[in-house]
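Report on the following structure.
The values are calculated or read from the model by the stated rules, or taken from the named source; none is laboratory data. These numbers were taken from a predicted model, which means no experiment stands behind them. So basically every Cβ, Gly included, is an ideal-geometry build from the backbone, and we count neighbours across all protein chains shown.
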Amino acid sequence: IFLSYAASLVVPRVGEVTRCGTLKKFDGVSFTKSLGTVVTERLVDSALMLLFTGLAFLAQLPMFLSFLHKTGTNLGDILHRFTGTGYLVTFICLVAVLLTAAVLMRRYALFRKGKDMLREVFEGVLSLRHVGNLPLYLFYSVLIWVGYFLHFYIAFFCFDFTAQLSLGAAFLIFCVGTFAVLVPTPNGAGPWHFAVKTMLVLYGVAEPQAILFALVVHTIQTALVVALGGFGWLRVNLSHKC
């Protein structure tokens, strides 16, 4: 895990591949099947994050409604700016992409040869059925995200301009920042800063202070990933030699 996080700092999204390659090299685990388990974990993580974000938004809904009222923002006006022609063009583009992908998969042998590999990946995805204690697995998954959040929330008490923010506000900022990390940049650099800064400003933090918070917290988190990645690399290689 530490190796995969550190690898993603060098090349975004390569961490999952690094994880599967490490398992194959040192433990003899099938690369494609372990990749399938990664897909399963990402599906579980995505479901949890959607659930958490929905709950966070509902809990903070009064604040957002107050903000919209004070600023005179009308969501209906914003949505109406996207015309019927715009919706039609978007739909046509999506259909064109799907048709192109279908034609490529039928025509090129490369896709046909990849069927066996996809089958193994699918077997890995279905590995969730064979988990001995599924409720415990899901409970641990929730605890992992709780740990991630607490790792972020503790930083709020390091600055006087964020220490007064509520737990609910911090949780919503965490959720929005997590979705920003989906943009393929090293450790979410850039999108994460923008998301966290914007949310802090929304909660009344001055923009320079919000930028400072995002820079300091992200730098420390990245340094931690580098340190743990180095430890993981040494640990794996030394264990293998022994």
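For residues that are under 22 Å from GLY54 (Cβ atoms) and surrounded by 19 or more Cβ atoms within 10 Å (Cβ to Cβ), tally how many sit in segment 181-202.
Adding up the residues that qualify gives 6.
Among the residues of segment 152-176, write down those that are in a helix (DSSP H, G or I), over 17 Å from TRP192 (Cβ atoms) and aromatic (Phe, Trp, Tyr).
PHE157
Is it true that ARG19 is in contact with a Ser or Thr (Cβ under 6 Å, 6 or more places away or on another chain) and in contact (Cβ under 8 Å) with a residue 12 or more places away in the chain?
yes
Do we find a residue being touching a His at 6+ places or on another chain (Cβ under 7 Å) and without any contact (Cβ under 8 Å) to a residue 40 or more places away in the chain anywhere in segment 218-235?
There is at least one residue in segment 218-235 that is touching a His at 6+ places or on another chain (Cβ under 7 Å) and without any contact (Cβ under 8 Å) to a residue 40 or more places away in the chain.
Somewhere in segment 19-41, is a residue of a type in the set (Val, Ile, Thr), surrounded by 11 or more Cβ atoms within 10 Å (Cβ to Cβ), at pLDDT 85 or above and under 27 Å from CYS175 (Cα atoms)?
No - not one qualifying residue is present in segment 19-41.
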